[in-house]
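Read through the structure below, which is laid out as structure tokens, and then see the notes.
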Amino acid sequence: MSKDYSRYPHQYPDATGHFGEFGGSYIPPELQVEMDKITKAYLTISKTQRFIEELRSIRTHYQGRPTPVFHADRLSELVGGAQIYLKREDLNHTGAHKLNHCMGEGLLAKFMGKKKLIAETGAGQHGVALATAAAYFGLECEIHMGEVDIEKEAPNVIRMKLLGATVVPVSFGLKTLKEAVDSAFQAYLKDPVNSIYCIGSVVGPHPFPMMVRDFQAVVGIESREQFLEMTGELPDVVCACVGGGSNAMGIFSAFLNDPVRLVGVEPGGRSLNLGDHAATAAFGKPGLIHGFKCYLLQDEQGEPAPVYSIASGLDYPGVGPEHSQLKDEERVSYGIADDRETLDAFYQLSRIEGIIPALESAHAVAHATKLAKEMEHGSILVNLSGRGDKDLEFVTETYGFNMEEAEQKLSL
Amino acid sequence: MELAHELHNRLEQKPILLMTHLVLGYPSLEDNRLVIEQMAANGVDCIELQIPFSEPIADGPVILKANQDSLETGITVEQCFTFAREMADRFPQVCFLFMTYYNIVYAQGEETFLGRTREIGLWGTIIPDLPPEEGQSYLQLSRELGLAAITFFTPTSTSARMEEVAGQGNGFVYCVARKGVTGKQTELDSSIEAYLKRCKGATALPLAVGFGISSRADIDRLTGMAEMAVIGTATIKLVDEQGPGAVGPFIAGLLAGSCQPAAE
């Protein structure tokens, strides 16, 4: 291990939001003034006992935490090799890990006296979680979402509307997550005094990558304790899918200082040609997007590349700055699961364990089964970051009800 | 010559300078050429040539769309350089600057990008998402090359921050006149006088006031308080609605009566 993580997470980022050469704050000065206010508020308010106690109470009584760690016995037996354990973030209220940081951000907004939460969403998970937080705290909520994703993730759009949020369709560019971020930023800049921007992952300018990670750290803290109690030892591998990387940072953060192999799983999409995947850490090079430096899929001119994944929540051309640093330090390795492997895991986990995973999380499961086969024994803890209800219609209509049907569709 | 000097020289001839902006490749380089011809013919002092980027986080919806439409046509950074060289050669009376987002510079490498910017005869660069804290090498290189590196003031900047920022840039200081992104709101904020006074107190560099100026009255109001008025989205909207031919009369109208030598 090259770096010292003994006081993690306090060591990273530095005071100006840098994780090594990554992160920072590449934004216009008007926006910087607001970011400075959020940073200052976060660093003071979130350390007060009042804030901590309220958030803990929310975690227990509202979110239903801690979520369990579950030994996927039948899957492990079927796959052979290492034992696979699942951190059941799909059982977190609203069905994904996203609520962990949304409740934190909502609580911060309340303490700061903000009236409105603004964010983008890809798969709709972050949007639903933020709309939930807004409803809980009695705040207004405005969610920006690409038209392509609105179509694909209809149930989440309905949820957001039921929760009282305004869903703003984004109709330019590829009409997915990247454009939704642009649109949400624009909306936030119109009224930064009364509103607060709640980014959906460990991305964006300082302090978001730090703040979202800190609110997601509960996943790692819980699962480390749970795993120790269940097995008497630490897992050999911790594995999580990475789009922007919030669920992965959440679970990794508790294990950085342990002799545990950490594996992020990126979407390999249709192929490894630029435009067909979103494997940013694997194929990107350093660049800037949405106010921070990170590995970025881009063309030789510096224009962010179009990206694709079967999972709407993973198709982002950048990746969290801390992931970028952890990759450079080789503390975390980044694997790839393509659409086919992901679908296979999606169907398999549903049949074998009775757990329908989100397509995002199915990437992590897919890669974990590959790792399990390679390992003769040992254990892999997978962050099952969300449940698949939102994907049911899309998957069954596009690919059918099992892998045999899906193979036919995929070979077309 | 260094840009600040050039601007001060020009200010001996007229009370306020004018900077315009366009997005390269929107709607086409051919239209850009027609627009620039008219801007130059009507006495525009500086022109920002924006190299399109798909995530222009400091720009409002009008310029955002122009960026994305331009990219859809397949324009390249190389074409922008070639075009900028042509313009700089043809219109030596205009000070051209590149405006773009930092990843475009970063992808090419600061040294290459700035070196070539100097070589083709541009006066400097405006990179709105590169604060001085992150842009130390960019600022240093710009100084070495004699290129203007434009820094920003905003109404929410403290005076101490203004002094700190202005001390690091050169050419002029871009004063954001209103809250938020470009192209919004139509009236100059009433507190602009106090704000520009604060700006003036923080730097000896010329002040360019931008983000939303669209009328002759706006420019008259600025005269005496700032050295340069910046027209952004107004000309883009004009080209959208009436075609490139409308730009000349619009600029002429903005400057009519304000081009006399300063009363001294």
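The values are calculated or read from the model by the stated rules, or taken from the named source; none is laboratory data. A quick note: this is a predicted structure, and the numbers were derived from the prediction, not measured. Cβ sites come from the backbone with ideal geometry, for glycine too, and all protein chains shown count toward neighbours. These area figures cover heavy atoms from the full protein model, side chains too; ligands, DNA and RNA do not enter into them. Shrake-Rupley method; radii C 1.70, N 1.55, O 1.52, S 1.80 Å.
I need a count of the residues in the stretch A:68-80 that are out of contact with any strand residue (DSSP E or B) (no Cβ under 6 Å at 6 or more places or on another chain) and open to solvent by 30 Å² or more (accessible area, probe 1.4 Å). The total comes to 4. In the set (1) closer than 23 Å to A:Tyr399 by Cβ; (2) β-branched (Val, Ile, Thr); (3) at pLDDT below 90, the condition left unmet by A:Val181 is number (1). Can you find a residue that is away from every other protein chain (no Cβ under 12 Å), assigned to a strand (DSSP E or B) and buried (at least 20 other Cβ atoms within 10 Å of the Cβ) anywhere in the stretch A:16-28? Yes: the stretch A:16-28 contains one or more residues that are away from every other protein chain (no Cβ under 12 Å), assigned to a strand (DSSP E or B) and buried (at least 20 other Cβ atoms within 10 Å of the Cβ). Does the stretch B:111-118 contain any residue that is over 25 Å from B:Ala256 (Cα atoms), facing chain A (nearest Cβ under 10 Å) and surrounded by fewer than 19 Cβ atoms within 10 Å (Cβ to Cβ)? No, every residue in the stretch B:111-118 fails to be over 25 Å from B:Ala256 (Cα atoms), facing chain A (nearest Cβ under 10 Å) and surrounded by fewer than 19 Cβ atoms within 10 Å (Cβ to Cβ). Residues in the stretch B:27-58 that are open to solvent by less than 10 Å² (accessible area, probe 1.4 Å), more than 9 Å from chain A (Cβ to nearest Cβ) and of a type in the set (Asp, Glu): 2 in all. Taking the stretch A:90-122 as the range and being under 20 Å from A:Val382 (Cα atoms) and touching a helix residue (DSSP H, G or I) at 6+ places or on another chain (Cβ under 6 Å) as the test, the residues that pass are A:Asn92, A:His93, A:Thr94, A:Ala96, A:His97, A:Lys98, A:Leu99, A:Asn100, A:His101. Selection of first residues in the stretch A:56-84 that are under 18 Å from A:Ala217 (Cβ atoms) and of second residues that are among the polar types (S, T, N, Q) and at pLDDT 95 or above, restricted to Cβ pairs under 6 Å at least 6 apart or on distinct chains, gives the following pairs, ordered by first then second residue: A:Gln63/A:Asn92; A:Thr67/A:Asn92; A:Val69/A:Ser223; A:Val69/A:Gln226.
Residue-wise test of (1) modelled with pLDDT of 95 or more; (2) under 20 Å from B:Pro56 (Cβ atoms).
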{"position": "B:Val94", "(1), (2)": "yes, no"}
{"position": "B:Tyr102", "(1), (2)": "yes, yes"}
{"position": "B:Arg116", "(1), (2)": "yes, no"}
{"position": "B:Leu139", "(1), (2)": "yes, no"}
{"position": "B:Thr154", "(1), (2)": "no, yes"}
{"position": "B:Ala160", "(1), (2)": "no, no"}
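When the stretch B:208-221 is filtered for residues that are open to solvent by 30 Å² or more (accessible area, probe 1.4 Å) and touching a residue at least 40 places away in the same chain (Cβ under 8 Å), only B:Arg216 remains.
Quick grid of which residues meet (1) touching a Lys or Arg at 6+ places or on another chain (Cβ under 7 Å); (2) open to solvent by less than 10 Å² (accessible area, probe 1.4 Å); (3) over 21 Å from A:Pro9 (Cα atoms):
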{"residue": "A:Ser195", "(1), (2), (3)": "yes, yes, yes"}
{"residue": "A:Val202", "(1), (2), (3)": "yes, yes, no"}
{"residue": "A:Pro205", "(1), (2), (3)": "no, yes, no"}
{"residue": "A:Val218", "(1), (2), (3)": "yes, no, no"}
{"residue": "A:Ile221", "(1), (2), (3)": "no, no, no"}
{"residue": "A:Gln226", "(1), (2), (3)": "no, no, no"}
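Per the conditions (1) modelled with pLDDT of 95 or more; (2) crowded, with 16+ Cβ neighbours inside 10 Å; (3) of a type outside the set (Phe, Trp, Tyr); (4) farther than 19 Å from B:Asp240 by Cβ, the sole criterion not satisfied by B:Lys14 is (1). Counting the residues of the stretch A:268-290 that are part of a loop (DSSP other than H, G, I, E, B), within 14 Å of chain B (Cβ to nearest Cβ) and open to solvent by less than 10 Å² (accessible area, probe 1.4 Å) gives 1. The set of residues from the stretch A:136-184 being surrounded by fewer than 18 Cβ atoms within 10 Å (Cβ to Cβ), away from chain B (no Cβ under 14 Å) and hydroxyl-bearing (Ser, Thr, Tyr) comprises just one member, A:Thr166. When the stretch B:119-133 is limited to residues that are assigned to a loop (DSSP other than H, G, I, E, B) and surrounded by 20 or more Cβ atoms within 10 Å (Cβ to Cβ), the one that is farthest from the other protein chains (Cβ to nearest Cβ) turns out to be B:Trp123. Restricting attention to the stretch A:185-216, the residues being away from chain B (no Cβ under 14 Å) and in a helix (DSSP H, G or I) number 8. In the stretch B:179-207, the residues that are modelled with pLDDT under 90 reach residues that are open to solvent by less than 80 Å² (accessible area, probe 1.4 Å) and among the aromatic types (Phe, Trp, Tyr) with C-beta atoms within less than 6 angstrom, at least six apart or across chains, in these pairs: B:Thr182/B:Phe211.
Look at A:Val265 and say whether it is open to solvent by 20 Å² or more (accessible area, probe 1.4 Å), β-branched (Val, Ile, Thr) and in contact (Cβ under 8 Å) with a residue 40 or more places away in the chain. In short, no. With respect to the conditions (1) more than 14 Å from chain A (Cβ to nearest Cβ); (2) crowded, with 21+ Cβ neighbours inside 10 Å, B:Leu24 lacks only one, and its number is (1). When the strands (runs of 3 or more DSSP E) confined to the stretch A:59-168 are screened for residues that are within 23 Å of A:Val202 (Cα to Cα) and hydrophobic (A, V, I, L, M, F, W, C), those reaching at least 2 such residues are found at A:116-121, A:140-146. Scanning the stretch B:74-104 for residues that are within 14 Å of chain A (Cβ to nearest Cβ) and under 17 Å from B:Gly232 (Cα atoms) turns up B:Phe98, B:Met99, B:Thr100, B:Tyr101. Taken together, B:Ser157, B:Ser142 contain a single residue that is open to solvent by less than 20 Å² (accessible area, probe 1.4 Å) and within 11 Å of chain A (Cβ to nearest Cβ), which is B:Ser157.
Scanning the stretch A:232-258 for residues being within 24 Å of A:Ala362 (Cβ to Cβ) and open to solvent by 30 Å² or more (accessible area, probe 1.4 Å) gives a total of 1. Taking strands (runs of 3 or more DSSP E) as the structural unit, those lying wholly within the stretch A:291-398 and holding at least 1 residues that are at pLDDT 95 or above, within 14 Å of chain B (Cβ to nearest Cβ) and crowded, with 22+ Cβ neighbours inside 10 Å correspond to A:292-296.
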